[in-house]
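Worksheet: one structure, shown below.
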Amino acid sequence: MGNRIMQQDKKLTRLQTARGMRMWNVNGMLESVHSAITTGVYTTGYALHLGASSAMIGFISASISIGQLLQAFSPLLIERLQRRKPLCLSANAVSSSLWLPIAFIPFLFFEVYQVLALMGCIALSKAVMSLVSPARQSWLTDLVPDEMRGRFVARQRSLTASAGLITSVCAGFFLSTYAAGDEQGGFTTLFIVAVVFSGFGVWAWSRIPEPQKSRGEHVPSNQLLRLPFRHGPFRRLMFLVSGRLLIAQIAAPFFTVYMLRTLEVSYAQIAIYSAIQTIATIIMNPFWGYLADKYGYKPVMSLTAVGLALFPLGWGFVTLENYWIMVPLVQVWGGSMSAGWGTARFNLIVKTAPAVNRSAFLGCYSAVSRGCAACGAVLGGIAADLCTSIPAVSFFGYTFAGLQYLFLANGALRVAYMGLLTRVTSDSQVSSRDVINRVRKGNPIATLWHLVRMGKSSNPSVRARAARELGETGSHLAVDELIALLEDSDRNVRREAVQSLSRIGAVESVNPLLECVGSPSSDIAEEAVEALGAVPSSLSLNILVTLLHDERPGIRRSAILALDRIGDRRAETALEALLEHERDPAIVQSALETLARMGNTGILGRLQDLIRSSETSLERGVLVMSAGHLLGAPDLLYRLLQSGEMDQDRATVRIFRTVRRQLGGWSRVERAARNRFTEAVDRALSAFERQQTGEVLKRLVEIARDIVAEAGTDRPDRPDRPDHATEDMAPAEGPAARPNEIALAYRVLADLESEGRNRTLHSEERLLAVVAFQRMADLATDTD
């Protein structure tokens with residue numbers, strides 16, 4: 001082992017760091033086997049087996065923390081050492097070995113001293129380990145890079161929780177095989193197994209390289225111990241977190257007691273319930289670690305502290321009748337929240353502590369927090385005994401008694417303490433509310449899954465698919481990662497990243513997308529321009545208007561499509577200016593379509609000229625659809641255009657019959673006028689059935705003229721009205737807009753009828769005339 005313990009005189013290489021992090025996880029999993037057996041359920045069960053009372057349970061839990069008070073003085077030793085590894089390995093070996101006498105307590109001590117012996121051995125074991133705990137924490141901090149520490153700690157917690165889960169379940173079923181009163185053999189076996197696995201953990205720890213320590217000027221011992229109390233942000237964080245731990249420990253040791261004594265569940269059942277909590281922790285660890293690295297540790301700590309404040313309240317409502325469903329629910333909640341609390345609390349403490357003399361800060365925090373935990377456990381033991389003397393009461397169908405009072409009171413204390421936690425100095429500009437708002441948009445769990453899949457794969461097809469699926473979740477959590485993919489070496493990945501940013505529409509993506517547009521070497525510039533249309537902000541609008549003058553035709557067309565997606569009418573002037581000098585037919589067509597969607601009636605004349613001169617059915621269809629947008633009936637026109645010729649004829653007959661029914665029931669006009677309308681529609685329908693297109697259009701214009709007259713709308717072709725009046729109509733909304741819309745529809749219909757006298761209209765134009773006719777009827781009769 002001596003050859004392995006080497007002083008690192010220089011910074012570790014990336015490969016050494018990666019190996020060290022891997023072995024740190026191995027060590028953590030091995031030690032979690034020891035921890036799962038020697039803490040929590042089985043320590044409490046062993047104490048009860050030895051005859052401990054509720055008050056003694058509190059003192060035993062306190063002894064765990066009392067033994068760790070030495071951490072306040074351990075920095076005096078650690079900061080003077082050149083190497084941390086020999087001390088850490090020796091202390092860990094001694095600490096775990098002390099569980100051998102604990103395993104044989106009934107054979108080594110008289111009955112009256114057995115509980116005291118358990119308490120003393122636990123305190124001594126924790127005291128030995130506490131000597132090196134700050135060194136271990138500073139070692140981890142020096143080993144893992146800052147930018148990935150949150151995710152590493154979360155991953156390590158998941159791995160150790162998995163190992164602890166398996167251990168806890170196996171130990172629970174193992175102990176359940178022993179009859180009541182004959183459990184000593186089971187406990188002895190478990191504690192021996194724990195020591196063995198801890199020995200393997202020491203071996204794994206010896207394989208971890210030790211990074212170079214951050215060193216400053218020599219500080220005298222008395223000043224070294226005072227450093228944490230002189231650092232304002234750290235001092236505040238230390239006392240506030242320790243205060244919360246004190247409150248938590250009032251109830252924490254007694255959840256197991258409640259299950260064993262009140263609910264009378266077996267160790268196997270307790271193991272299953274503990275496994276449920278562990279599984280929830282494992283599932284949520286990556287999620288909280290990701291949020292912590294992305295948005296800061298303070299927001300995550302605040303959110304999970306609120307969740308943990310509700311945890312004991314849930315236990316207060318657990319009864320013999322409902323424990324089979326309530327305990328799993330409470331455990332899932334507690335596991336989910338504790339995952340984020342542990343990750344955020346540890347990293348915030350480490351981040352707040354200065355790099356120089358960090359072990360002194362971490363040791364002081366550990367001593368203060370464990371001292372508070374010990375006080376909380378003692379107070380909890382006393383309170384638990386007092387609660388047993390309080391008579392049972394019933395509220396809302398629930399009967400509360402014994403430890404339930406302790407749980408409810410503890411929950412109230414945790415909730416009340418939340419106001420103090422807000423005073424912790426934040427490491428982030430993002431608030432807890434902002435984190436909630438970003439998480440609730442889209443599917444955060446699916447987002448995290450795709451991010452993990454993308455990060456672990458070096459296959460460009462997998463990364464491209466993951467990028468696409470990130471966009472489909474709609475979650476803003478993935479924006480930063482998608483922005484990073486804009487510089488991926490694979491074009492498909494870059495393109496999928498742009499399209500996903502387009503689907504999400506986050507404001508943060510505007511500047512990175514603009515960089516793609518401005519880069520001469522970018523091959524996703526057009527896609528980036530279109531993606532800007534997904535962000536309806538003044539910044540993106542101004543950028544797109546500027547890009548209308550870009551020398552690249554593809555960029556100009558993409559800018560038009562993006563403006564169409566935004567739909568902001570403030571861009572109309574820029575689009576109209578573009579039409580004055582643009583010569584590219586595809587760009588002109590796109591600009592006209594966008595203006596039509598915005599309701600700009602000034603383009604009608606040019607639109608009609610292009611329809612008249614169009615050479616292909618596809619081109620006419622696109623232009624006619626633009627006219628449909630101006631009329632306000634794009635859906636109906638689209639259905640007609642996509643139908644076959646026979647279906648188009650049937651739909652036209654249905655439209656005529658619908659209009660006949662509408663005009664025949666138009667209550668605003670007299671009966672004679674209604675009869676005249678129905679007769680005129682019948683004549684138009686008869687002409688249509690005879691396929692006399694010119695006659696049909698003539699009849700429709702006559703009916704439309706009467707509709708205009710009855711509706712009180714000025715016809716665009718009246719002598720006292722300029723021809724361009726319809727083009728200059730200001731857009732209006734609501735009832736005031738109907739006269740303008742009726743006039744517009746009349747103009748379209750009249751122009752088509754006039755054009756039909758000189759040439760044969762295309763089928764798209766005939767359908768447009770029918771839609772304009774129905775639109776007039778809809779608008780006129782809708783005023784009833």
> Given charges of +1 on the Cβ of Lys and Arg and -1 on the Cβ of Asp and Glu, with all other atoms neutral, how large is the dipole of the chain about its Cα centre, in debye to the nearest 20?
Replying inline: 3240 debye
>> With bins 5 Å wide starting at 0, give me the P(r) of the stretch 295-349 over every alpha carbon pair, in whole percents.
In response: 4, 21, 26, 17, 13, 9, 6, 3, 1
>> If you average the C-alpha positions of the stretch 564-585 and of the stretch 470-537 separately, how far apart do those two centres end up, in angstrom?
In response: 24 Å
> Relative contact order of the chain: what whole-number percent is it, with Cα pairs under 8 angstrom and at least 6 residues apart?
Replying inline: 11 percent
> Using unit Cβ charges (K, R positive; D, E negative) and no other charged atoms, how large, in debye to the nearest 20, is the dipole of the stretch 14-210 about its Cα centre?
Replying inline: 860 debye
> Rounded to the nearest 20 Debye, what is the dipole magnitude of the stretch 538-599 about its Cα centre when Lys and Arg each give +1 and Asp and Glu each give -1 at the C-beta?
Replying inline: 180 debye
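What chymotrypsin sites (Phe, Trp or Tyr not before Pro) does the stretch 390-463 have in DSSP loop regions with at most 10 other beta carbons within 10 Å?
Phe396
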> Applying the Karplus parametrisation 6.51 cos²θ - 1.76 cosθ + 1.60 with θ = phi - 60° to the phi angles of the stretch 675-688, what ³J(HN,Hα) value in whole Hz is obtained for each residue in order, glycine and proline being reported as x?
Replying inline: 5, 5, 5, 5, 5, 5, 5, 4, 5, 5, 5, 5, 5, 5
> With every protein chain left in place, what is the accessible area of Glu111 in Å² (1.4 Å probe, nearest 10)?
Replying inline: 140 Å²
> For the stretch 441-535, rounded, prolate or oblate, judged on the Cα gyration tensor with a ≥ b ≥ c (square roots of eigenvalues), a/c < 1.5 rounded, else prolate if a/b > b/c?
Replying inline: oblate
> Put +1 on the Cβ of each Lys and Arg and -1 on the Cβ of each Asp and Glu in the chain; which of Phe255, Asn357, Asn758 then has its Cα farthest toward the positive end of the dipole?
Replying inline: Asn357
> Between the stretch 147-205 and the stretch 641-693, what's the alpha-carbon centroid distance in Å?
Replying inline: 82 Å
> Could you give the radius of gyration (one decimal) and Dmax (whole number) of the Cα atoms in the stretch 548-656, in Å?
Replying inline: 15.0, 49
> Once all Cα-Cα distances of the stretch 213-306 are split into 10 Å bins that start at 0, what whole-number percent is in each one?
Replying inline: 12, 24, 30, 22, 10, 2
>> I'd like the per residue volume of the convex hull spanned by the Cα atoms of the stretch 360-514, given in cubic angstrom.
In response: 212 Å³
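Can you work out the accessible area per residue across the stretch 268-409, with the rest of the protein chains kept in place, probe 1.4 Å, in square angstrom?
Spelled out: the 1.4 Å probe surface of the stretch 268-409, per residue, equals 34 Å².
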> Roughly speaking, to the nearest percent, how much of the chain's 1.4 Å accessible area is carbon and sulfur?
Replying inline: 56 percent
>> Compute the helix-to-body angle for 693-711: its Cα long axis versus the longest principal axis of the chain, expressed 0 to 90° and rounded to tens.
In response: 70 degrees
> How big is the stretch 538-599 on each of its three principal axes, counting only the C-alpha atoms and giving the largest first in Å?
Replying inline: 27, 23, 16
> With respect to the cross-link table entries Lys11/Lys126; Lys85/Lys294; Lys85/Lys456; Lys11/Lys294, which display a Cα-Cα separation exceeding 29 Å?
Replying inline: Lys11/Lys126; Lys85/Lys294; Lys85/Lys456
>> Using the Karplus curve 6.51 cos²θ - 1.76 cosθ + 1.60 with θ = phi - 60°, what ³J(HN,Hα) values do you get for each residue of the stretch 396-403, in whole Hz, with x for Gly and Pro?
In response: 6, x, 10, 9, 10, 7, x, 5
> Under a 5 Å amide H to amide H cut-off, with H placed in plane at 1.01 Å, what residues pair with Ile390 once short-range neighbours are removed?
Replying inline: Gly402
> What FRET efficiency comes out for the pair Glu615/Lys456, r = Cβ-Cβ distance, R0 = 41 Å, nearest 0.05?
Replying inline: 0.15
> What list of whole percents do you get for P(r) of the chain, with Cα-Cα distances grouped in 20 Å bins up to the one holding the largest distance?
Replying inline: 13, 32, 22, 18, 13, 1
>> Taking only Cα atoms of the stretch 407-487, what ratio of Rg to Rh do you get with Rh as the Kirkwood inverse-distance radius?
In response: 1.19
>> Just to confirm, what accessible area per residue do you get for the stretch 441-535 at 1.4 Å probe, in whole Å²?
In response: 43 Å²
> Considering the Cα trace of the stretch 14-210, what is its radius of gyration and what is Dmax, both in angstroms?
Replying inline: 17.7, 56
>> Can you give me the C-alpha center-to-center distance between the stretch 761-784 and the stretch 25-42, rounded to a whole angstrom?
In response: 77 Å
> Hey, if we sort Leu752, Leu413 by accessible area with the 1.4 Å probe, largest down, what's the order?
Replying inline: Leu413, Leu752
>> What do you get for the angle between helix 538-547 and the principal long axis of the chain? Use alpha-carbon atoms, 0 to 90 degrees, nearest ten.
In response: 50 degrees
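Loop only per DSSP, at most 10 neighbouring Cβ atoms within 10 Å: give me the GluC sites (Glu not before Pro) in the stretch 608-660, ordered by residue number.
Glu615
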>> For Thr39, what accessible surface area do you get with a 1.4 Å probe? Give it in Å², rounded to 10.
In response: 40 Å²
>> Angle check, please: helix 585-597 long axis (alpha carbons) against the longest principal axis of the chain (alpha carbons), in degrees 0 to 90, nearest 10.
In response: 80 degrees
> Based on the mean of other beta carbon atoms within 10 Å per residue, what is the order of 520-532, 491-503, most packed first?
Replying inline: 491-503, 520-532
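The values are calculated or read from the model by the stated rules, or taken from the named source; none is laboratory data. Just so it is clear, the structure is predicted and the values come from calculations on it, not from any experiment. Backbone-built Cβ (ideal geometry, glycine too); neighbour counts: all protein chains shown. These area figures cover heavy atoms from the full protein model, side chains too; ligands, DNA and RNA do not enter into them. Shrake-Rupley method; radii C 1.70, N 1.55, O 1.52, S 1.80 Å.
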